[in-house]
Amino acid sequence: MKLDDLSSKEQVFYDFFVWLFDDKRITDKNIDLEKEIDISLAPFYNDPNIYFPKQIKSFFETSAMQRLGRISQVDLSIDLYFNLYHNRLEHSKGVYYRKLEEMVYNFQNPNWKDKVEKENLKLYLIAELIKMAGHDIGHFPLSHAMEEQVYSCHGAHEVVGKRIMLENPEINQVYTEISPELPEIMHELYEKDIWNFREHDESSYDVDRLDYLQRDNIYWGTPVHLPYLQYETVQVEVDASNKPQKNNDGSIISLDASKNSIDVYSYENLQDIEHFLSLRESGYVNKIYSVPYSHVREASVGVFFKAFLESPSACGKDLRHYITVLQTQKIEDIDLNLLLGWDEVKFYSEIIDIAQNHEDENIRQLATLTIPKLDAFLNILYSSLNIHAKKGEYSEQEKTLLKKVKKIISGNSELSQNLKNPDFIRSQTLFCNNPSNESIDINLQRLLEQNIIFRQNKKVKAYNPKEPIYVRSSEGKIYELSEHPERTCNWAERTTTLNSIFTYIPYLKYSVSHEDELTYIKNYFNRNGQEFDAPSHETKINMQPLQVGNSLKNVFEEIEL
């Protein structure tokens, strides 16, 4: 059975959920399926719908999950291509579907079903579906850009997300309505690996990455299909560090009597897995994730925060309080209601106020740098505010933001001109890609250490052998991917280094008091600097949210408040 070939998947998923919820510990066993089209499946599936039983649909309808509909998936990278915008809620539903698809394929295996029933694991499967649906629930406005610039790490949202999933009263109510035992099982699932779940949830080849790579690429305008790959579970003996023991040729030793197991893909899947890794590598190097343009746009958020918090202005007091709390309190202690009260609608409303009203011109310019170009910004708001379906029914917060946006579109203020100017970001950024060691003298190094000039010096890898993928060879032996004799390259060592230095003109004016230092910095970039451009690409489809010929500007101008 191939789910992408079926004209309708509804009966398959219905049968699975009837079986899954047939458990004496479950309060409501009735299955009523709802469905919605997933745009990332549409080019590749005869039935591109995601299916939800009402019990899990109620999780997506909690306020904490609905907030993700106002959190961007690709933060300020939307400037690379203004139709790139999509949100974390859409991605979360896609990850849920990927996990569901994995379970439905396993459901076809009688041995898998027998194990679930004999070991009483049905509630664990339900918990796993919900856990993966909520894997991004802790994201801040601007997603990774915010946590990178506030916490200098890539995982703060995971700490917050775990707290929300385990502590939020509304979400816990969803658990208890399914089964009184489900809250305890959710806690257990976060504390230890159950049945190799983490091998498919948090690894080099997992349901999260499968979804965002396929989804990001379709919005990028270059659709790719990453089909589900079935696997087999193999018992193995492990060493003292919990790694599978190997033969002399590097192949994994299987042992039927062992209590430890790994999940193994067939030799026929090797090409698909390497295509997935190549696509991820391309996303880092050529498209979205760590290209210099994206990094410089992301870093502008931290630069703005620093200057803004140092200023004594009363402008943007709510944002000042929010960022101050994030920076001064441990993430384990922060009030979750404060975190859940912020999305990109509230964030951008505050940013616009600062960009228009702050007394310091340089801080106004830095605030403007945290707002995408106008076309991209309108695309964000069109989706976040669900304008195509609102019919004038806006909250007071939404009305406030819409009034500001309408003035930006029709006005000629400093902010209006900057957001309408396609060269504004480039004109405010000094940038040098791959600077030579000879060009970085002692003075420049000092400016880097003082955080007046910034540097991206990052190694990116598509594959981490600490999160191993196991694949059979053409001879039937099992290898970890980096030791596979028929791989196309050594993925464990395949690394790309991204190196650039940059700064922002308004930040220089704000932070540099000595004219000779300012002159030195400008002269360096005049000698070594390059055009600050987004990577070019040829799109195959256009993900414009409106029908051809319509304008987002006109849509916003015609909104009556």
Q | Distance histogram for the stretch 74-140 (every C-alpha pair counted, 5 angstrom bins, percent rounded to whole numbers) | A | 4, 15, 19, 18, 14, 10, 8, 6, 4, 3, 0
Q: Based on a Kirkwood Rh over C-alpha pairs, give the Stokes-Einstein translational diffusion coefficient of the stretch 202-360 at 37 °C and viscosity 0.692 mPa s in µm²/s.
A: 159
Q | Rg/Rg_globular for the chain, with Rg_globular taken as 2.2 N^0.38 Å and Rg from C-alpha atoms | A | 1.03
**Q.** Cβ-Cβ FRET estimate between Glu167 and Glu414, R0 fixed at 56 Å, reported to 0.05
**A.** 0.80
Q. How much solvent-accessible surface does Asp28 expose, in Å² to the nearest 10, with a 1.4 Å probe and all protein chains in place?
A. 50
Q) In the stretch 415-555, with Lys and Arg counted as +1 and Asp and Glu as -1 at Cβ, which of these residues, Gln530, Leu448, Cys489, has the Cα nearest the positive end of the dipole, that is, farthest along it? A) Cys489
(Q) Per residue, how much accessible surface does the stretch 389-456 expose to a 1.4 Å probe? Answer in Å², no decimals. (A) 55
Q: Determine the gain in length on full extension of the stretch Asp28-Asp4; use 0.36 nm per residue of separation and subtract their C-alpha separation, reporting nm with one decimal.
A: 5.6 nm
Q) When all alpha-carbon pairs of the stretch 5-51 are counted, what percent fall beyond 13 Å? A) 59
Q) Taking Cα centroids, how far is the stretch 293-338 from the stretch 29-91 in Å? A) 28
Q: Distance between Cα centroids, the stretch 128-156 to the stretch 204-244: provide it in whole Å.
A: 20
(Q) Taking just the alpha-carbon atoms of the stretch 16-128, what radius of gyration and Dmax come out, in angstrom? (A) 16.6, 52
Q. Which GluC sites (Glu not before Pro) from the stretch 340-417 combine a DSSP loop assignment with at most 12 other Cβ atoms within 10 Å?
A. Glu359, Glu393
**Q.** D (Stokes-Einstein, µm²/s), Kirkwood Cα radius, the stretch 430-481, 0.692 mPa s at 37 °C
**A.** 218
Q: Taking 7 Å along the Cα-to-C-beta vector as the label spot, tell me the Glu184-Arg527 distance in nanometres, rounded to one decimal.
A: 7.0
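Express the relative contact order of the chain as a whole percentage, based on alpha carbon pairs under 8 Å and six or more residues apart in sequence.
Computed value for the chain: 17 percent relative contact order.
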Q) If Ser241, Ser416 are ordered by their accessible area, calculated over protein heavy atoms with a 1.4 Å probe, which sequence runs from highest to lowest? A) Ser241, Ser416
**Q.** Rounded percent of accessible protein surface that carbon and sulfur make up, the stretch 5-96, 1.4 Å probe
**A.** 46
**Q.** In Å², nearest 10: area of Leu340 left accessible to a 1.4 Å probe
**A.** 40
Q. Taking 0.36 nm per residue of separation and subtracting the Cα-Cα distance, what length does fully extending Trp195 through Glu310 add?
A. 36.4 nm
Q: With a 1.4 Å probe and every protein chain left in place, tell me how much accessible area His225 has, in Å² to the nearest 10.
A: 60
Q) What percent do you get for the relative contact order of the stretch 1-153 when only Cα pairs under 8 Å and 6+ apart count? A) 23
(Q) Given points 7 Å out from each Cα along the Cα-Cβ axis, report the Asp441 to Gln397 separation in nanometres with one decimal. (A) 5.1
Q.
Please compute the modelled spin-label separation between Trp112 and Asn260, points set 7 Å along Cα→Cβ, answer in nm with one decimal.
A. 2.4
Q.
Within 10 Å of each candidate Cβ there may be at most 14 other Cβ atoms; applying that plus a DSSP loop requirement, which trypsin sites (Lys or Arg not before Pro) in the stretch 138-238 survive?
A. Lys192
Q) Share of the stretch 148-225's accessible area from carbon and sulfur, percent, 1.4 Å? A) 48
Q: State which entries of Lys118/Lys162; Lys115/Lys466; Lys9/Lys540; Lys317/Lys346; Lys259/Lys466; Lys35/Lys115 exceed 19 angstrom in Cα-Cα distance in the structure shown.
A: Lys118/Lys162; Lys115/Lys466; Lys9/Lys540; Lys259/Lys466; Lys35/Lys115
Q) Rounded to the nearest 500 deg cm²/dmol, what is the calculated helix-only ellipticity per residue at 222 nm for the chain, with -39500 (n - 2.57) per DSSP H run of length n ≥ 4? A) -14000 deg cm²/dmol
Q: Report the GluC sites (Glu not before Pro) located in the stretch 474-561 that are in a DSSP loop and have at most 16 other Cβ atoms inside 10 Å of their Cβ, or state none.
A: Glu475, Glu486, Glu493, Glu531, Glu538, Glu558, Glu560
Q. Three principal axis extents, largest first, for the C-alpha atoms of the stretch 129-240, in Å?
A. 45, 42, 33
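Rounded to the nearest 20 debye, what is the charge dipole size of the stretch 132-220 about its Cα centre when +1 sits on each Lys and Arg Cβ and -1 on each Asp and Glu Cβ?
Result for the stretch 132-220 is approximately 200 debye, rounded to the nearest 20.
Could you look at the stretch 237-396 and say what percent of its accessible area is carbon and sulfur, using a 1.4 Å probe and all protein chains?
Carbon and sulfur: 44 percent of the exposed surface of the stretch 237-396.
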(Q) Probe radius 1.4 Å, ligands and nucleic acids left out: which of Lys9, Lys403, Lys118 has the largest accessible area, and how do the rest follow? (A) Lys118, Lys403, Lys9
Q) Percent antiparallel among DSSP beta bridges with both residues in the chain, to the nearest 5? A) 95
(Q) Using a Debye calculation, one point per C-alpha and no hydration shell, please list log10 I(q)/I(0) for the stretch 474-561 at q = 0.10, 0.19, 0.21 Å⁻¹ in order. (A) -0.76, -0.97, -1.06
Q | Probe 1.4 Å, all protein chains present, accessible-area order of Trp491, Trp19, Trp195, largest first | A | Trp195, Trp19, Trp491
Q | Length gained when the stretch His388-Asn421 is fully extended (0.36 nm per residue, less Cα-Cα span) | A | 9.2 nm
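The values are calculated or read from the model by the stated rules, or taken from the named source; none is laboratory data. All figures in this text were calculated on a predicted structure; none of them were measured in a lab. All Cβ positions, even for glycine, are placed from backbone atoms using ideal geometry, and neighbour counts span all protein chains on display. SASA here: full protein model, heavy atoms, side chains in, ligands and nucleic acids out. Shrake-Rupley method; radii C 1.70, N 1.55, O 1.52, S 1.80 Å.
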